[in-house]
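Here's the structure we're looking at; comments come further down.
The values are calculated or read from the model by the stated rules, or taken from the named source; none is laboratory data. Quick caveat, the model's predicted, so the values are computed rather than measured. Ideal geometry is used to build each Cβ from the backbone, glycine not excepted, and the neighbour counts take in all protein chains shown.
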Amino acid sequence: MEAKAIAKFVRISPRKVGVVLDLIRGKDAKYAEAVLKHTPKAASEPLLKLLHSAMANAENNHDMDVSRLYVAECNATAGPILKRIRPRAQGRAFRINKRTSHISLVLKEKED
């Protein structure tokens with residue numbers, strides 16, 4: 001049995017999200033929650049919200065024991081890129097890519 005939560009169109013680069021995901025992959029849900037609360041990265045806030053959502057899904061939809069949950073899978077894939085223009089010298093224009101992410105998180109119960 002697994003509980004899943006997905007956050008789409010999160011306005012942060014998948015590369016930056018991946019750094020934080022590596023910290024919690026394979027860890028207990030409560031430990032992952034503590035790590036996300038104390039990690040000074042921009043990706044920590046949406047990931048903490050996503051973890052809480054996955055834990056609520058596990059408890060309410062799948063009748064799983066929250067104390068036995070762990071992060072089984074987590075990944076961030078690229079969403080659509082918002083393309084913006086930055087004016088530069090001599091009338092030129094440089095492109096700025098504002099990247100978005102689709103983040104998925106899967107929780108499973110530990111088997112004793």
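Once segment 13-31 is narrowed to residues that are among the β-branched types (V, I, T) and touching a strand residue (DSSP E or B) at 6+ places or on another chain (Cβ under 6 Å), the residue that is surrounded by the fewest Cβ atoms within 10 Å (Cβ to Cβ) is I24. Of the set (1) over 20 Å from R99 (Cα atoms); (2) of a type outside the set (S, T, N, Q); (3) buried (at least 18 other Cβ atoms within 10 Å of the Cβ), all apply to A34 but (3). In this entry, S53 passes the filter for residues that are more than 18 Å from D22 (Cα to Cα), surrounded by 14 or more Cβ atoms within 10 Å (Cβ to Cβ) and at pLDDT 95 or above. Do we have any residue at all in segment 76-92 that's out of contact with any Leu (no Cβ under 7 Å at 6 or more places or on another chain) and surrounded by 14 or more Cβ atoms within 10 Å (Cβ to Cβ)? Among the residues of segment 76-92, at least one is out of contact with any Leu (no Cβ under 7 Å at 6 or more places or on another chain) and surrounded by 14 or more Cβ atoms within 10 Å (Cβ to Cβ), which makes the answer yes. Screening N57 on (1) free of Cβ contacts under 8 Å to residues at least 24 places away in the same chain; (2) out of contact with any helix residue (DSSP H, G or I) (no Cβ under 9 Å at 6 or more places or on another chain); (3) not charged (D, E, K, R) shows it passes everything except condition (1). In segment 17-32, the qualifying residues are those that are without any contact (Cβ under 8 Å) to a residue 40 or more places away in the chain and under 12 Å from the mean Cα position of the chain (by Cα), and the one that is nearest to S67 (Cα to Cα) is A32. Mind listing whichever residues of segment 62-112 are hydrophobic (A, V, I, L, M, F, W, C) and part of a loop (DSSP other than H, G, I, E, B)? Correct list: M64, I81. With respect to being exposed (fewer than 15 other Cβ atoms within 10 Å of the Cβ), in contact (Cβ under 8 Å) with a residue 12 or more places away in the chain and among the aliphatic types (A, V, I, L, M), A42 fits the description.
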